[in-house]
1. Which Cα, out of W138, T44, S128, lies furthest along the positive dipole direction of the chain (beta carbon charges, K/R +1, D/E -1)?
2. At q = 0.11, 0.15 Å⁻¹, what base-10 log of I(q)/I(0) does the Debye formula yield for region 1-109 when every alpha carbon is treated as an equal point scatterer in vacuo?
3. Region 129-163 to region 44-93: how many Å between their Cα centroids?
4. Evaluate the charge dipole of the chain about its Cα centre and quote only its size in Debye, nearest 20, assuming +1 on the Cβ of each Lys and Arg and -1 on the Cβ of each Asp and Glu.
5. Show the residues, 5+ positions off or on another chain, whose built amide H is closer than 5 Å to the amide H of L3.
6. Can you put W138, W67 in order of Cβ neighbours within 10 angstrom, beginning with the fewest?
7. Per DSSP helix of 4 or more residues, -39500 (n - 2.57); summed, then divided by the residues of the chain. What does that give at 222 nm, rounded to the nearest 500?
8. What is the total of Lys pairs in the chain with C-alpha atoms under 16 Å apart, excluding same-chain pairs fewer than 8 positions apart?
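What follows draws every value from the coordinates through simple rules; no lab data is involved. On a predicted model such as this, the values are computed, not experimentally measured, just so you know. No Cβ is skipped: glycine too gets one built from the backbone with ideal geometry, and neighbour counts run over all protein chains shown.
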Amino acid sequence: MGLKPFLLDGEKVISECRVGKSTFYITNLRLIKREEKGIIFKRTVIHDLSFSGIHGISLEVVRGDPWAVALGLFLLAIAIFVLATTPPEEIAGMGFLPLLVIEVMVGTGALGLGLLHRRSYFQLRGPSITGRREEAIWRISETTRVDVVEFVKTLREQLKKEAWAPGSRASWT
């Protein structure tokens, strides 16, 4: 099923960008996000946001991954506990040494990746985008892709046009 059934009379798609399982559309009237959800029982979810509901677009960079750090610390803590409580002869005799070495390597790797991990995304801001759930809906990732950057530029241009259109909030000032 395409986007056509969800478009209003006279509404035209200006630009589109696919990011993961979501497709963002800029129309002459609003911004639309179409998400494909589910693996076995698939469903389509459509979100829309009027241009007057968008006050800005932020480029946000998040450093660190707390889940990877937690996993790394957990694995290293288990390895330290086993080394501290088990005599070395038992570790070597029972064949646990290779497993312990692998556990330390995986734990160190997860900790390192967790501390060095970096991700960035474009976050739409506005009065109707409140709470974590709404922010997650209006987040555009994969900021290094040229088509994503061009899409955001097109959105900014459309917001600028909308801001100075007769009857908009910016034209009142």
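1. Of the options given, the answer is S128.
2. The Cα Debye sum returns log10 ratios of -0.63, -0.78.
3. What the calculation gives is 26 Å, centre to centre.
4. Values: 23 positive and 18 negative charges, 176 e Å.
Dipole of the chain, to the nearest 20 debye: 840 debye.
5. Result for L3 returns nothing.
6. Values: W138 21, W67 10.
Final ranking by Cβ density, sparse to dense: W67, W138.
7. On the way: 5 runs with 71 residues, N = 173.
Computed ellipticity for the chain at 222 nm equals -13500 deg cm²/dmol.
8. Values: K4/K12; K4/K33; K12/K33; K12/K161; K21/K33; K21/K37; K21/K42; K153/K161.
Summing the qualifying lysine pairs gives 8.
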